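Okay, structure first, notes after.
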Amino acid sequence: MSCLASCCASLTCGLCTSVASGVTRSSARLAYCGLFGVSLIVSWVLREVASPLLKNFSWINTSDNLSKEWFQAQAVLRVSLGNFLFFGVLALIMIGIKDQNDRRDSWHHGGWVAKLVIWVLLVALMFFLPNGVITIYGFLSKFGAGFFLLIQVIILLDATHSWNDSWVAKDEQKWYVALLVVSVVCYIATFVFSGILFMWFNPSGHDCGLNVFFIVMTMILALAFAVIALHPKVNGSLLPASVISVYCAYVCYSGLSSEPRDYVCNGLHNKSKAVTTSTLVLGMLTTVLSVLYSALRAGSATTFMSPPSSPRSGEKKSLLASEELESGKGSPEARPVSYSYTFFHLIFALASMYSAMLLSGWTSSSESSELIDVGWTSLWVRICTEWVTAGLYVWSLVAPLFFPDREFY
């Protein structure tokens, strides 16, 4: 039996090694995204089983009055801290890489067995730290998560402007028609969805002025985007305005749906406090996809994060082209790196803080330990994110009027 176990362990190790090597040759970015996805799964699993396990650690269980929610938050924060340190150290190591002749370029793309071992050790060691360290990290994570949300908004703005520019550059009538159709559909979706929000979060017979204010403000912002973008003095377009409007409506919905389940104005969830496994899975999957897309987009975009020696925006490469550049295919000359490795790892470090805040309810207790990202803190984080998004988009439109010599998107 011991021989069989040894053989299985050896085969598993060999399989992990070959898989890691194969993924690396294709694209380091995908491998890092996969590792980050694994960290989120580990956080979620430990969140569900943390309470009975952590009670056995005397340096963690220092009081008899600690709740189940507290132990769940401790598990999530400790995994997040290990993840943050892993990507944070990589971000520091990769500072200043300009071309692929730099030795550190191979560190970014290779050595995956060593990286996996280091990541596991870091996460494990976090469970031996005193509670005070985790408390400080939890406090700092709120600011790190906010900064990640800000970067996420900038990435969205960059993506919408790039989408609009790529279709306009084709200079064909069918693409102009496509721009108009997509814009109109997005605006119709925005106002229809806002109407649905009125039905869900403004139930009859209750005074839900705060919810009404949030929804009406979302509709006003959507109209303001169109008016400002189409103003003769503003070099704007209806497509980015419509996409940002849909995003703001979605963020408003996610904020309102984060209201406590016993709040009378939360008509979507107040009739049922039980959360099914499928609902939790769907919510977690949405979070994972959102975080991974932001990190991947941040590593691929070139408008505001590329190293000085890399190509400028407008010369964006497809993912396949970037993979060939990363793997060393092409010209034998020294090639500049296709994206900023430091910024890429920094995105993952901040995303670790953001995911920890989601899974721990922004370190504030909720009415149920089974609920993810529910509470007044989550609501205000979402609403503030919507307003910051609106402010940044409007600024990207009007800033050229005040600073005509600078490029904003």
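Within the option set Leu85, Leu46, Leu35, being open to solvent by less than 20 Å² (accessible area, probe 1.4 Å), assigned to a helix (DSSP H, G or I), within 28 Å of Ala114 (Cα to Cα) and not hydroxyl-bearing (Ser, Thr, Tyr) holds for one residue only, Leu35. The single residue among Asn101, Asn131 that is of a type outside the set (Gly, Ala, Ser) and open to solvent by less than 40 Å² (accessible area, probe 1.4 Å) turns out to be Asn131. Residues that are over 20 Å from Ser183 (Cβ atoms) and of a type in the set (A, V, I, L, M) within the range 210-234 comprise Leu210, Val212, Ile215, Val216, Met217, listed in sequence order. For the range 200-216, what are the residues that are touching a residue at least 60 places away in the same chain (Cβ under 8 Å) and open to solvent by 40 Å² or more (accessible area, probe 1.4 Å)? Scanning the range 200-216 gives Trp200, Asn202. Which ones in the range 318-368 are part of a loop (DSSP other than H, G, I, E, B), at pLDDT below 55 and surrounded by fewer than 19 Cβ atoms within 10 Å (Cβ to Cβ)? Of everything in the range 318-368, those that are part of a loop (DSSP other than H, G, I, E, B), at pLDDT below 55 and surrounded by fewer than 19 Cβ atoms within 10 Å (Cβ to Cβ) turn out to be Ser318, Gly328, Lys329, Gly330, Ser331, Pro332, Ser365, Glu367, Ser368.
Could you please let me know if Lys98 is modelled with pLDDT of 75 or more and closer than 20 Å to Leu358 by Cβ? No: the conditions fail for Lys98.
None of Leu122, Leu140 is open to solvent by less than 60 Å² (accessible area, probe 1.4 Å) and either in contact with a Cys (Cβ under 7 Å, 6 or more places away or on another chain) or not charged (D, E, K, R) (or both) except Leu122. Tallying residues that are under 25 Å from the mean Cα position of the chain (by Cα) and assigned to a loop (DSSP other than H, G, I, E, B) within the range 63-80 yields 0. Scanning the range 96-114 for residues that are closer than 14 Å to Tyr32 by Cα and in contact (Cβ under 8 Å) with a residue 12 or more places away in the chain yields a total of 6.
Among residues of the range 237-266 being farther than 21 Å from Ala189 by Cα and open to solvent by less than 50 Å² (accessible area, probe 1.4 Å), the one that is modelled with the highest pLDDT is Cys265. Selection of the range 122-163 for residues being within 19 Å of Gly391 (Cα to Cα) and charged (D, E, K, R) yields only Asp158. Taking the conditions exactly as written (modelled with pLDDT under 50, of a type in the set (Lys, Arg) and either in a helix (DSSP H, G or I) or over 24 Å from Gly82 (Cβ atoms) (or both)), does Arg25 satisfy them or not? Here the answer is yes, as Arg25 does meet what is asked. In the range 158-177, the qualifying residues are those that are among the small types (Gly, Ala, Ser) and closer than 17 Å to Ile244 by Cα, and the one that is farthest from the chain's Cα centre (by Cα) is Ser162. Within the range 135-153, residues that are touching a residue at least 12 places away in the same chain (Cβ under 8 Å) and more than 30 Å from Val246 (Cα to Cα) have Cβ atoms under 6 Å from residues that are of a type outside the set (Gly, Ala, Ser) and not in a helix (DSSP H, G or I) in these pairs: Gly138/Thr363, counting only partners at least 6 apart in sequence or on another chain.
The values are calculated or read from the model by the stated rules, or taken from the named source; none is laboratory data. A quick note: this is a predicted structure, and the numbers were derived from the prediction, not measured. So basically every Cβ, Gly included, is an ideal-geometry build from the backbone, and we count neighbours across all protein chains shown. Please note that ligands, DNA and RNA were not included when accessible areas were found on the heavy atoms of the full protein model with its side chains. Shrake-Rupley method; radii C 1.70, N 1.55, O 1.52, S 1.80 Å.
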